[in-house]
Each structure stands twice: as structure tokens, then as C-alpha cells.
Amino acid sequence: FSLRGESANHQPTVQPLHLLTVFPCSCHVLQESLLSSASGYSNYRGILNWCVVMLVLSNARLFLENIIKYGILVDPIQVVSLFLKDPYSWPAACLIIGMGLSFYFSFCFPGTISETTGLIFHIFNLTCLLVIPAATILVMTSMTPVGGVLSLGVYSVLFLKLYSYKDANRWCREIRQAKAKRLSRSYSCKCMNTHSGATHVSYPGNLTHRDMYYFVFAPTLCYQLNFPRSPRIRKRFLMRRLFEMLFFTQLLVGLIQQWMVPTIQNSMKPFQVPNHLIWLFFFYWFFHSSMNFVAELMQFGDREFYRDWWNSETVTYFWANWNIPVHKWCLRHFYKPMLRTGINKFLAQTAVFLVSAFFHEYLVSVPLKMFRLWAFMGMMAQVPLAWFVGRFLNGNYGNAAVWMSLIIGQPVAVLMYVHDYYVIHYGSNT
């Protein structure tokens, strides 16, 4: 405003200076609060950081109490002794190296035997992959539980890979016999574009030792003739993943040695162990750091090893997204073939959980040489839990139910095995 003159004959005049800009007529619009679901707001990174800070602060007191009570128990050298209890036999390493025989057996008599005879050979080979290492672990007294878990894990992965290798090549033979005009990579998935510099391989040109060994070491369980390949190896990305692997390996070892072992030995209360935190660290170490490291080293292009399982509103969504390599294998080689035979979806899903429950029990009971069936029952309990959550809980309630099942579910079942193992072997000394 400006005043021009103050006499009675000359009244003050008003000069507008962008009144709508300086003093807007309206300051309200139709909008929802950010925390309302109708607002569409989804950036909660600050709240996530707050949760992480609160988690660290809440566990800092437990960590200090643990240090004061037990002292520093972290000893990386002790981990090596778990694998090499008998330094002159190295049972776990020898058992893993011996799996190379199954590679050779997969290439026996190519093209010279009938389909039925080849199927029998493959069934025998796959059965030996599960039976021989388990029998070796149960018989050998020098095999430690950690070495047993590692050995059985490697053999289980090889079992799934060779099963996929058998199926994919059988599909190619069926397509070839049907005189297909254009060979696809497999019967169950569409062809994917490979890198422009890569050579497209067609059956039976893929039946080479080089192709076989690439698939064995690639971070996938499903075989196809032409994998998507990255154009180059990113050295910085590779070094970051390697640093994460080393860091989280030491962190996991430290948590187990400092928290898990003394708590179980002294108080025999496994439910107080921060097993869920260890499980989360293990997930990041294995599915992100380790698998991306191997993929980058082998220029493997498909890096979808997990999806947003932390947003799961149903149990079924969680199991379909937290371990993508296993999910793809089950979908491709087990679930869809059952549907094609006329089995309904619920029975097919139950069968998938049954197979998963078997491998969970196999990887826990055999190395510990105890058979309690807790891992098996915990996995099969996911079937009614999935039905209940999907039927009665939605949205945030379903997500909370999934998190509760992760916190008090299978990790507790595993700790029950560890608890009984310490009671049997060290109960008289504690």
C-alpha cells in the first residue's frame, strides 16, 4: 500500500502489489492426511529408519549385558574347527568334492540308450544324491553338524539342478521329435533375448561339459539352453558384494557365538535367542550379497533372487517371493506339471509344501543326527495358516500375521533342534 497526500480533499489511494500472490484468497484444498490409506502416500523411509534406530538401541542393552556376563566370545578360528574336526580326513570337503561323479553320470551314454533306460539312470543318480551324503553323515562320527548342513545343502541344490537339467532336455527332445519349426529354450517358459554378443545354442548343441558346469555354478535352479548374460563384469559392484559377504559372515558368526551358544548352554532358553535377527542377516548375506557376487562373476543376467516379501499380506505370497530360485523350480517342474495332470490347485500347493517340508527336515535332522520332525511339522503348518490368513486377514493385518509367523515360526523350530542337541551332548556339563 502507498499513501499519497493527507489533506481532506485528497484521500489516500491504494496501490495493489500482487495481492493474490502475497495474500492468497484460498489456502485450503481437498486432500487427505498422509497417514490415511486414501492419500496414496507410500514414502515411509523415515519411519523405517526410526524402526532401525529403535531396534539397535533396544538390543544395545542386551548386547552390553551379554558382554559383561560372558565376555567376548567371538572367535573366527573356532568356526574353521567346526568344518575340520578331524584335520586328516576333511569329511565335509571330501563329500562335496565327490559330487563331481554325478556330473559324469549325467553324460553317460548320450544318444545311445532309450528314453526309459535314461530315465532309470537319472532316477538312480538323483536318489544317490540324497541318500549317499545322508548315510555318510550319519555313519561318520567326525562329521560336524555345520559341515553336515553345508554338505547336504550343496547336494540338495545339485539334486534340484540335475532334475531341471533332465526335464529341460527332455522337453527339447519332445519338441524336436514333433518337428517343431523353431526350437525354444524349454517347454514351460518363453524364449528370452540374450546379449547381442552371445551365441544362440540349440538342442543338442547344449550337451557339453562347459554348458553343464556353467549351469551347476550359476545362481539358479532352472536350466535353459540360453541364459540371459550381462555385457561385462562390474568390478566395483563385485567388490562391494565381496565386502558384504565377508562382513555379514563375521557378523553372523559373532551373533551365534556371542548370543546363541552361551544362552542355550547356560540358561537352556532358546526362545530368548535373537534368532530372527540372525535369519534376516542371513537372508541379505545369501540372497543379495552372495548370489549377486556369483552372478556378476559369471555374467548371469537374471538377478531376481527375491521380491518384496516383507510386504506380504498372505503366507502364500511370502513363500512365492522370498526365495525366487526355489519358487521358479517348484512352479516349473512340480506345480504346473501337477496341474496339467488334472490335480486341483489346493492339492498341488499342499504337495509343494510337503516337498519343501521334507527338505527342511532333511537339512536339519540328518546333520544333527536327531529326528524330531519339528521342521517338517512347522512347514506343513503353513498350509492351514495360509488358508486362515488369506480368508480372515487382509492388508496390514495379514502382513502382521506373516511377520509373526516369521518371528515365532520356523526359526524357533530350528532352535528346538539346537536346544535338544546341546541337552544331549552337553547337558551333564551345564
Sequence-distant or interchain residues sharing an amide H contact under 5 Å with PHE300, placed H: which?
SER230
Using alpha-carbon positions, the gyration tensor of the stretch 239-371 gives root eigenvalues a ≥ b ≥ c; with a/c under 1.5 called rounded, otherwise prolate if a/b exceeds b/c, else oblate, the class is oblate
Using a 1.4 Å probe, how large is the accessible area of GLU313, given in Å² and rounded to the nearest 10?
90
Accessible surface, 1.4 Å probe, highest first, among residues CYS330, CYS27:
CYS27, CYS330
With every protein chain kept in the model, how would you rank THR350, THR341, THR316 by accessible area, 1.4 Å probe, largest at the top?
THR341, THR316, THR350
Could you give me the ³J(HN,Hα) list for the stretch 26-37, computed from phi with Karplus coefficients 6.51, -1.76, 1.60 and θ = phi - 60°, whole Hz, x at Gly and Pro?
10, 10, 10, 9, 6, 7, 9, 5, 4, 7, 7, 5
VAL294: accessible area at probe 1.4 Å, nearest 10 Å²?
50
Ignoring ligands, DNA and RNA, what percent of the 1.4 Å accessible area of the stretch 358-430 is carbon and sulfur?
69
HN-Hα J in Hz across the stretch 321-337 - Karplus 6.51, -1.76, 1.60, θ = phi - 60°, x for Gly and Pro
10, 8, 9, 5, x, 5, 4, 4, 5, 4, 5, 7, 10, 10, 6, 5, x
Using the structure shown, list the pairs from LYS166/LYS369; LYS166/LYS336; LYS161/LYS345 with a Cα-Cα distance above 28 Å, or answer none.
LYS166/LYS369
Using a 1.4 angstrom probe and counting only protein chains, how large is the accessible area of THR117 in Å², to 10?
60
Tally up the carbon and sulfur contribution to the accessible surface of the stretch 302-348 as a whole percent, 1.4 Å probe, everything protein left in place.
63
Explain nothing, just compute: Karplus ³J(HN,Hα) = 6.51 cos²θ - 1.76 cosθ + 1.60, θ = phi - 60°, for every residue of the stretch 306-319 in order, whole Hz, x for Gly and Pro.
7, 10, 7, 5, 5, 9, 4, 9, 9, 5, 4, 5, 4, 5
Using only the heavy atoms of the protein chains and a 1.4 Å probe, how would TYR70, TYR155 rank by accessible area, largest first?
TYR70, TYR155
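The values are calculated or read from the model by the stated rules, or taken from the named source; none is laboratory data. Bear in mind the structure is a predicted one, so any value in this text is a computation, not a measurement. The protein model used for the area step is the full one, side chains on, heavy atoms only, and it has no ligands, DNA or RNA in it. Shrake-Rupley method; radii C 1.70, N 1.55, O 1.52, S 1.80 Å.
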